[in-house]
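Quick notes on the structure that follows.
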Amino acid sequence: MQKKTKRILKIIIEISLIALVFTLFFLMLDFEELGEYFLQITFPVLLGLICFQLAIHGLGTVHWVILLRQIGSKKSIFSVFMAKLSGFAVSYITPSLYLGGEPVRAGLIKDDSIKYRKLLASVVLDKYIELFAKLPCIITGFALLIILIKPDLPLILISAFFIAFFLAFFIFLLIKLFTDRSFINRFLKSILKPFLKLRPKFAEKAMKVINEFENSITKIIREKKAFYMAVLIAFAVSIIQVFQTYYIISFLKHPNLTYSFIIFFSSLLFSFFSFIPGNIGGAEAVHIGFFRLLGMTIANGLMYSIMLRMGQLVSIAVGLLNILFRRIFKRGGTKSQISEKGADRIRTGE
């Protein structure tokens, strides 16, 4: 009950802060400038946004396919692509830092030829690679921001500490995954230790699942060439995201690659508003703050967020439609199978 109260209080505080920030921004917002940008959005501009999203999710599909091949999955690239879009859509509308759609991705490509735990292991590793591959561009953006604005030393040290922490954490995990095959087992076993005495049967079942999960992870990363190729492709995805930013700010009459890296770095701050589905409000506040820091207008920052979401909404719509149609066809298939069984019983006189 106490945890629930704290969570509600946290949500109230964060919503109040976002409401306050937006009120201040809208009081200073130049609506005429914002309206002019909207009038300049043509079909070719929207097509460009959609092409960037296709490239991001398309290459993201490729590095997941590479991991899936290591566990014996032979699903077509199109099936994996649609599952990835559906996972992205669920993650986007889930109150989290674009997480939550991973089980959906695994479920959509599940078949009788491969275990669900193996698929989930590939999804977890794929997500880790995706986050790890963003770090070079994030660190570049942070370094460029420091060079550009020259903040006070305490702020530099605090920011550098957080960046270094994330980088060290990902590198530590990468080294452990390659050099210590029992690392996941020991780490999760230590978490489950309190349950060993209280719930021995539950702990035993959990450890069995953990062992299978660890074996799947080990099997995937055993082929180092494939793993490194997946990381390289994921890094290419983050570069495309930087150029997507460059495309949008060019439309806003501020073509600057340095700014693109700095704005990409700002995505790291979205976690402070992770309870909001799609980080709606939090993402806009962070973007507007960074745009003002870079000497651009509030309308620029707000328009950037709107255009970014325009491209993402196409992917979200396709992903959600894929889930809907899969459910419809699955129900139809189930009814058809029941009818066939009933007809067989009639023919056999049962």
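The values are calculated or read from the model by the stated rules, or taken from the named source; none is laboratory data. What you see is a predicted model, and the numbers here were worked out from it, not measured in a lab. FYI the Cβ positions are ideal-geometry reconstructions off the backbone, even for glycines, and counts take in every protein chain you see.
Sub-8 Å Cβ pairs linking a first residue in the stretch 73-90 that is farther than 14 Å from residue 59 by Cα to a second residue that is of a type in the set (S, T, N, Q) and part of a loop (DSSP other than H, G, I, E, B), at least 6 apart or interchain, are 73/113; 74/113, ordered by first then second residue.
Please enumerate the residues belonging to the stretch 34-56 that are under 17 Å from residue 312 (Cα atoms) and aromatic (Phe, Trp, Tyr). If the condition is that a residue be under 17 Å from residue 312 (Cα atoms) and aromatic (Phe, Trp, Tyr), then 43, 52 are the ones that fit.
Considering only the stretch 262-271, I want to know if a residue exists there that is exposed (fewer than 15 other Cβ atoms within 10 Å of the Cβ) and either modelled with pLDDT under 80 or touching a strand residue (DSSP E or B) at 6+ places or on another chain (Cβ under 9 Å) (or both). Checked against the condition, which is being exposed (fewer than 15 other Cβ atoms within 10 Å of the Cβ) and either modelled with pLDDT under 80 or touching a strand residue (DSSP E or B) at 6+ places or on another chain (Cβ under 9 Å) (or both), the stretch 262-271 yields at least one hit. Checking each residue of the stretch 130-144 against the condition of being within 22 Å of the chain's Cα centre (by Cα), charged (D, E, K, R) and either at pLDDT 70 or above or surrounded by fewer than 14 Cβ atoms within 10 Å (Cβ to Cβ) (or both) gives at least one match.
As a summary of the residue check, residue 70 satisfies the conditions (1) at pLDDT 85 or above; (2) buried (at least 18 other Cβ atoms within 10 Å of the Cβ); (3) of a type outside the set (Asp, Glu) except for the one numbered (1). Remark: pairs (first residue in the stretch 118-146, more than 19 Å from residue 234 (Cβ to Cβ); second residue surrounded by fewer than 20 Cβ atoms within 10 Å (Cβ to Cβ) and at pLDDT 85 or above; Cβ separation under 6 Å; 6+ apart in sequence or on different chains) = 144/258. Taken together, 110, 84, 115 contain a single residue that is out of contact with any Lys or Arg (no Cβ under 8 Å at 6 or more places or on another chain) and closer than 21 Å to residue 227 by Cβ, which is 115.
Just checking, which of 173, 155, 148 is over 30 Å from residue 294 (Cα atoms) and either in a helix (DSSP H, G or I) or at pLDDT below 70 (or both)? Result: 173 is the single residue among 173, 155, 148 that is over 30 Å from residue 294 (Cα atoms) and either in a helix (DSSP H, G or I) or at pLDDT below 70 (or both).
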